[in-house]
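The values are calculated or read from the model by the stated rules, or taken from the named source; none is laboratory data. Given the structure is predicted, the values throughout are model-derived calculations rather than measurements. Glycine also receives a Cβ, built like all others from the backbone with ideal geometry; neighbour counts cover every protein chain displayed.
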Amino acid sequence: MSHYRVPATHRANARKMRKVMTEAELKLWSELRGHRLMRLGFRRQMPISGYIVDFACPARKIIVEVDGSQHGRTGAALRDRARDRRLNLLGWTVLRFWNDDAGVCDHIATVAGLSAADATAQAPRGHAPIKGQATSAARLHGSHRS
């Protein structure tokens, strides 16, 4: 993965945002942290190209954004589209979900090109993936929206 210089202000803002995550972000983070979802490594509140994204999987160049109702407003939606285009140009795939969507983890695994068999094959010896890990967030998140 290419590394870019991140201004100190962006790093400080990302640190602050990690401390005040929304309930939906906290629930999803509990499914993603520590390579829990299909052995994928995610970072939270990661600075990328002048933006701070909710969750990023650098190895697969996947960004996951968990949006509240404010993102449905016209101005915010236009800014989100511009941001997504910029990140897409850098090779990132941006997945956006509403706070109350279900099936987020399943969709992330599908976009990453992984199946339950892949996760088992990638699990370190003696550490099988958590049973149902790709579906355990279904109770709190939902389908992908573009």
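Remarks
- Taking the criterion of being surrounded by 18 or more Cβ atoms within 10 Å (Cβ to Cβ) and part of a helix (DSSP H, G or I), the residues of segment 28-38 that qualify are LEU28, TRP29, GLU31, LEU32.
- Cross-chain or 6+ apart pairs with Cβ under 6 Å, segment 27-48 first and on the phi > 0 side of the Ramachandran plot and free of Cβ contacts under 8 Å to residues at least 12 places away in the same chain, then assigned to a loop (DSSP other than H, G, I, E, B) and not hydrophobic (A, V, I, L, M, F, W, C): HIS35/GLY41
- Residue identified as in a helix (DSSP H, G or I) and surrounded by fewer than 20 Cβ atoms within 10 Å (Cβ to Cβ) among ARG96, ARG5, ARG79: ARG79
- The set of residues in segment 54-65 being under 8 Å from the mean Cα position of the chain (by Cα) and either over 11 Å from ARG83 (Cβ atoms) or at pLDDT below 95 (or both) consists of ASP54, PHE55, ALA56, CYS57, ILE62, VAL64, GLU65.
- Looking only at segment 9-31, residues that are at pLDDT 85 or above and not charged (D, E, K, R) come to 7 in all.
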